[in-house]
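The values are calculated or read from the model by the stated rules, or taken from the named source; none is laboratory data. Not measured: the values here are computed from a predicted model. Methodologically, a virtual Cβ is constructed for each residue, glycine included, from the backbone with ideal geometry; neighbour enumeration extends over all protein chains shown. Surface accessibility is based on the protein's heavy atoms, side chains included, excluding ligands, DNA and RNA. Shrake-Rupley method; radii C 1.70, N 1.55, O 1.52, S 1.80 Å.
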Amino acid sequence: MSVVARLFEQKLGPGKPLRALAASGQLGYGIPEPALKAGLARAPHFVGCDMGSIDVGPYYLGSGNLGTAAAITHRDLRLVISGAHSIGVPLVLGTAGTAGAAAHLGKTLDVVRRIAREEGRTLRVATIRSDINRDWLKRMAGDGRTRPIGNIPALDSQTIDQATNIVGQAGTEAFIRALQLEPDIVIAGRACDTAVFAAIPLMLGYPAGPAVHMAKIIECTSICCDPGGRDAMLATLHGDHFDLESMNPARAATPTSVSAHSLYEQSDPLTVYEPEGMLHVGDARFEPLDGRRVRVGGATWHPASQHSIKIEGAAFCGHRAILLAGSIDPKVIEARDAIIEGVRRQVAEIVPVAQGETCELTFRVYGTGATALFDGARNGLPTPGEVFFLAECVASSEDLAKAVVTVAKQYLLHHGFPGRLSTGGNIAFPFTPPEVSTGPAYRYSIYHVAECDDLAGAFPVELETIRG
């Protein structure tokens, strides 16, 4: 009997507790093993892990590379595969390989196959592919059925063609289809975080409001605790409410810490939009069970009259090189804007940019407003005693980018300014070489919502038997 069939054999449903173990908020960054073992000892009915995010930036979606180290990715996958197998429950993974495109899903499956060989396991693995058909997306854009999220242009065919990878976020519908194939493991490409943990409860008939709310909170494991952390989190769904407990005894789920998690990644803390509908948590209740556990209820689910998909795409924008340096000279700090503009002019005179080439040089001075619109030094606060210069060049070729930051380094080092006492150098370098080529650069070019009349067609599901 399959691990999924065992869930139905237990006649789980509203009124019977369903235990969900969130093993990792982003698999591949190191799962704390003691908490995972403690969670497995509580006999969860399934184990879930999110594996990706847009938080790491567009490079990984654009390049197809993983954002995690190979050794830690292997370690974490081995822990959750072995853990779920040891207690005979399904393992559900979302947003494979950081960004969830075909390349990321393929690389994740390669690690799973390697683990199966190493441990002599036979695994039934259902995969959900999230790469978006470009012709379909062009039709939707042309028909006015896409809209941008935030300050990004409306979608057009040229933008779609220029993106190296385009993915959509799969919802619970795709996970339920995958689970119906009775796999040991479900591995999705790009997916909604909540879908990883809400699909099994919905498939078993639990109310959608509490199920999706539970999923929204536990997908980041113990971040919703005080103090927050990355340890495994156990949720027990009863029907109209659920209980939360971190598997690290040092972390407490409190009404304040858990309710505050509604602010996480949401422009509106009261509503969460998914492909299949909207979760409203405005009437949610958060009650302490004791000093470490919270009971939550009251969220409501509102099915969508029109299904939709969040679409993400990344486009190549050149090659990047950076320069890293610091200064404690108060005159340098005071004259930083004039120094930077002088360096810009000298670089433009010295480094040729041929016709057809592109080049953009950007300076950020950390300590004086580089990370925010607010500049303390210009708003009555003391001028910092130390600053950090980060110069970035994105150019059409790696050689041009490296040439720009190398010339910028030398002129920044020796640029003259009023009150300079020494010609020896304005800045100090944390290491050598201070110029670093970081490789291809990407930007998010697609961040839109598209209406979808066929979720099953958008997210095909396949089953593979991996023999160790």
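Structure notes:
- Just so you know, in region 423-468 the residues that are assigned to a loop (DSSP other than H, G, I, E, B) and open to solvent by 70 Å² or more (accessible area, probe 1.4 Å) include one that is farthest from A314 (Cα to Cα), and it is T423.
Results for (1) in contact with a His (Cβ under 8 Å, 6 or more places away or on another chain); (2) open to solvent by less than 70 Å² (accessible area, probe 1.4 Å); (3) not in a helix (DSSP H, G or I), shown as yes or no for each residue.
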residue: M1; (1), (2), (3): no, no, yes
residue: R6; (1), (2), (3): no, no, no
residue: K11; (1), (2), (3): no, no, yes
residue: A23; (1), (2), (3): no, yes, yes
residue: P34; (1), (2), (3): no, no, no
residue: K37; (1), (2), (3): no, no, no
residue: A43; (1), (2), (3): no, yes, yes
residue: M51; (1), (2), (3): no, yes, yes
residue: D55; (1), (2), (3): no, no, yes
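- Among the numbered conditions (1) closer than 30 Å to V405 by Cβ; (2) out of contact with any strand residue (DSSP E or B) (no Cβ under 6 Å at 6 or more places or on another chain), the only one that L263 does not meet is (1).
- Set G83, G94, G28: member being assigned to a loop (DSSP other than H, G, I, E, B) and among the small types (G, A, S): G28
- In the set Y442, Y411, only one residue is more than 29 Å from the chain's Cα centre (by Cα) and touching a residue at least 24 places away in the same chain (Cβ under 8 Å); that residue is Y411.
- In region 111-140, of all residues being farther than 24 Å from S86 by Cα and touching a Ser or Thr at 6+ places or on another chain (Cβ under 7 Å), the one that is surrounded by the fewest Cβ atoms within 10 Å (Cβ to Cβ) corresponds to K138.
- Verdict on S222 being of a type in the set (S, T, N, Q), assigned by the TED database to the domain that holds A84 and surrounded by fewer than 24 Cβ atoms within 10 Å (Cβ to Cβ): no
- Set side by side, the residues I160, I217, I149 differ, and just one is open to solvent by less than 10 Å² (accessible area, probe 1.4 Å) and not assigned by the TED database to the domain that holds A103, which is I160.
- Of the residues screened, E265 is one that is modelled with pLDDT under 95, open to solvent by 80 Å² or more (accessible area, probe 1.4 Å) and not small (G, A, S).
- Verdict on A23 being in contact with an Asp or Glu (Cβ under 9 Å, 6 or more places away or on another chain), on the phi < 0 side of the Ramachandran plot and either at pLDDT below 95 or assigned by the TED database to the domain that holds T438 (or both): no
- Hits in region 268-291 (condition: open to solvent by 60 Å² or more (accessible area, probe 1.4 Å), in contact with a helix residue (DSSP H, G or I) (Cβ under 8 Å, 6 or more places away or on another chain) and modelled with pLDDT of 95 or more): E287, P288
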